[in-house]
Amino acid sequence: MTVVLAASGVRKSFGDFTALDDCSFQLHAGRTLGVVGESGSGKSTLGRIVMRLLTPDAGTVQLAGDDLYAMGASRLRTARRRIQLVPQDPRHALNPAMSVGDNLRFQFAAQRLPRSTWNVRTDELLDQVALSRDYVHAWPYELSGGQAQRVAIARAIAGRPDVLVCDEAVSALDKSVQAQVLNTFADLQRETGVALFFISHDLAVIDHISDDVLVLNRGHTVESGPTRTVLADPQDAYTRELLAARSVVAAA
Ligand SMILES: Nc1ncnc2c1ncn2[C@@H]1O[C@H](COP(=O)(O)OP(=O)(O)OP(=O)(O)O)[C@@H](O)[C@H]1O
């Protein structure tokens, strides 16, 4: 299996405080790595580091085998297209002054996609995130949280990235909507082969979507491996605590 994103020995401190220590993982093409831990465990710090938004103090991050922190400007521009963020709050991803269609077309313009293909590509993206094509003319404020998150996902996959970094991407949604959006992520992955780096504080969400899991506690990896194996027989007390505190993902 091809490794699309990998980290080795990553460390990050803020002043005297170590937010992440000796963190390593591998994410394979078309697979999902769940990163789970309580608030403050270092999940978003790791997410920012793998998007090259925050420089680690030590360790390496590789995107498709290339060192993300040793790339020149031109390679970095390409790399930035290959890894995209789906944030918790779609209001951070969508431009409120643009219709849904224009939010997507803005991406096409940035990618220099021929104008003649824009309408077809818009329909294709809305289909992929299971949102009716009628919403193309809607404004972000007219959308529910789940619909807005679907547009944010469509926007993130517009450039056909290899990896989506999903930082608490379903945490703000109602339980039933959460399950629907998780299923959309899974369908999308089957269709496009995109790999998901899925950050959540909720082990139920991670259990629902992830092939592999990385459990973080105060910046340290306490456990990692195939989700099914780790959750069936957690070796660490902290994982057992998260398991006891997990919510239930509603059936969708
Ligand atoms: N820029 C920063 N400056 C100082 N401390 C920071 C900074 N960013 C993160 N931290 C600290 O690092 C620790 C890890 O933060 P991080 O946001 O990665 O945790 P998290 O697991 O994503 O938590 P949450 O689920 O609440 O977002 C926290 O204690 C946080 O206060």
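The values are calculated or read from the model by the stated rules, or taken from the named source; none is laboratory data. Quick caveat, the model's predicted, so the values are computed rather than measured. Backbone-built Cβ (ideal geometry, glycine too); neighbour counts: all protein chains shown. For accessibility, only protein heavy atoms count, side chains too; no ligands or nucleic acids. Shrake-Rupley method; radii C 1.70, N 1.55, O 1.52, S 1.80 Å.
Does at least one position in region 162-182 carry a residue that is over 18 Å from the mean Cα position of the chain (by Cα), within 16 Å of the ligand (Cβ to nearest atom), outside any strand (DSSP E or B) and closer than 23 Å to Ser24 by Cβ? Don't jump to the end; show me each part of the working.
Initial filter on region 162-182 (over 18 Å from the mean Cα position of the chain (by Cα)): 174-176.
Within this subset, residues satisfying the condition of being within 16 Å of the ligand (Cβ to nearest atom) are none.
No, that holds for no residue.
Filter the strands (runs of 3 or more DSSP E) completely within region 190-252 down to those with at least 2 residues that are among the hydrophobic types (A, V, I, L, M, F, W, C).
Numbers: elements: 195-200, 212-217, 220-226.
Per the criteria, 195-200, 212-217.
Pairs please, first residue from region 88-114 and under 20 Å from Val170 (Cα atoms), second anywhere and part of a loop (DSSP other than H, G, I, E, B) and of a type outside the set (Phe, Trp, Tyr), Cβ atoms under 6 Å, 6+ apart in sequence or on different chains.
Sorted first by the residue in region 88-114, then by its partner, the pairs are Gln88/Glu168; Gln88/Ser171; Gln88/Ala172; Ala93/Pro87; Val100/Ala138.
List every residue pair whose Cβ atoms lie under 7 Å apart, where the two residues are 6 or more positions apart in sequence or sit on different chains, the first residue falls within region 13-30 and is farther than 14 Å from Val165 by Cα, and the second residue, located anywhere, is at pLDDT below 95 and within 11 Å of the ligand (Cβ to nearest atom).
As it stands, the answer is none, since no pair meets every condition given.
Among the strands (runs of 3 or more DSSP E) contained in region 1-105, which hold 2 or more residues that are open to solvent by 20 Å² or more (accessible area, probe 1.4 Å) and more than 16 Å from the ligand (Cβ to nearest atom)? Can you show your working first?
On the way: elements: 3-14, 17-28, 32-36, 58-63, 83-86.
Here the list reads 3-14, 17-28, 58-63.
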